[in-house]
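Bear in mind that the values in this text are calculations on the coordinates, not laboratory data. Not measured: the values here are computed from a predicted model. Neighbour counts are summed over all protein chains in view; Cβ atoms, including those assigned to glycine, are modelled from backbone coordinates with ideal geometry.
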Amino acid sequence: MSNLIKYNEAFINSFQITEDQLANLTYQSVQGWDSVGHMALIAALEESFDIMMDTDDIVDFSSYEKGKAILKKYNVTI
């Protein structure tokens with residue numbers, strides 16, 4: 001499974017959204033992406049990519065696109 005598929009599935013499964021909603025997705029732009037949903041997403045991503053994100057990166061993870069840049073710090077290329 002490619003990293004892009006894993007990344008997309010983390011969002012889709014965490015927030016119960018469709019793939020076509022991903023491109024412009026930002027924190028609190030869908031009902032599920034609140035503070036609790038945010039931590040569920042982070043946990044799913046950490047498990048999928050076998051990483052442990054720093055607190056600053058977790059706080060800064062504010063959109064679908066921003067997340068791709070943050071994961072690059074952990075050698076995860078989307």
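Label sites at Ala23 and Thr55, each approximated as a point 7 angstrom past Cα along Cα to Cβ, lie 3.7 nm apart.
With each label modelled as a point 7 angstrom along the Cα→C-beta vector, the Lys68-Asn13 pair spans 2.1 nm.
Summing +1 for each Lys or Arg and -1 for each Asp or Glu among the other residues whose beta-carbon sits under 15 angstrom from that of Asp54 gives -1. Could you tell me which of rounded, prolate or oblate describes segment 3-72, using a ≥ b ≥ c as the square roots of the eigenvalues of the alpha-carbon gyration tensor, with rounded for a/c under 1.5 and, failing that, prolate when a/b is larger than b/c and oblate otherwise? Since a/c stays below 1.5, the shape of segment 3-72 is classed as rounded. Express in whole angstrom the spacing between the alpha-carbon centres of segment 39-78 and segment 17-32. Answer, in whole Å: 16.
Its DSSP H runs of at least 4 residues, each contributing -39,500 (n - 2.57), put the calculated 222 nm mean residue ellipticity of the chain at -16500 deg cm²/dmol, to the nearest 500.
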